[in-house]
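The values are calculated or read from the model by the stated rules, or taken from the named source; none is laboratory data. For clarity, every value in this text was computed on a predicted model and none was experimentally measured. Don't worry about glycine lacking a Cβ; one is built from the backbone with ideal geometry, like all the others, and counts go over all protein chains shown. These accessible areas exclude ligands, DNA and RNA; they are computed on the full protein's heavy atoms, side chains included. Shrake-Rupley method; radii C 1.70, N 1.55, O 1.52, S 1.80 Å.
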Amino acid sequence: MSSASLPVMDDDREYRDALAAAGYTGARGAVLFCLLLAFVGAAFGSVVLAILWNIAAPGTPESMTTAIGAAAGAALGIALGLLKIRQGNLEARELVEDRQWQRLVRHEHFHGPR
């Protein structure tokens, strides 16, 4: 590894650390959060969505309505989790970029233009 690439690696690490401090959710956190919401959604869906399915399609076997409700609830939970993670990650990136911009403006203000 050349010594010229070390400052770039440090900048990347600093950027990742700043994102983590701002609340950025990585892949592992996203998977765990979506799994949790899928479980909660399946539990909710197996009751509430199954009742709604029974109303919409009377005569469907109870086990089938429960399975359909659980699957729909899990899918809804995963979708909500992904939307929430995306929104939070966008806010974290914006916060980090704002801080970098403010740092640059302060540097230019004190040291003058280059």
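Overview of values
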item: Filtered residues of segment 37-67 (kept if farther than 14 Å from ALA79 by Cβ and in contact (Cβ under 8 Å) with a residue 24 or more places away in the chain); result: PHE39, ALA43, SER46, VAL48
item: Hits in segment 25-68 (condition: among the hydroxyl-bearing types (Ser, Thr, Tyr) and open to solvent by 80 Å² or more (accessible area, probe 1.4 Å)); result: SER63
item: Single match in ARG106, ARG99, ARG93, ARG86 (criterion: free of Cβ contacts under 8 Å to residues at least 24 places away in the same chain, open to solvent by 40 Å² or more (accessible area, probe 1.4 Å) and more than 30 Å from VAL47 (Cβ to Cβ)); result: ARG106
item: Out of GLY88, GLY81, GLY45, sole residue that is assigned to a helix (DSSP H, G or I) and either in contact with a Leu (Cβ under 6 Å, 6 or more places away or on another chain) or of a type in the set (Ser, Thr, Tyr) (or both); result: GLY81
item: Checklist (1) at pLDDT 90 or above; (2) in a helix (DSSP H, G or I); (3) surrounded by fewer than 16 Cβ atoms within 10 Å (Cβ to Cβ) applied to GLY73, failing item; result: (3)
item: Residues satisfying the stated conditions in segment 11-42, i.e. aromatic (Phe, Trp, Tyr), touching a Lys or Arg at 6+ places or on another chain (Cβ under 9 Å) and part of a helix (DSSP H, G or I); result: PHE33
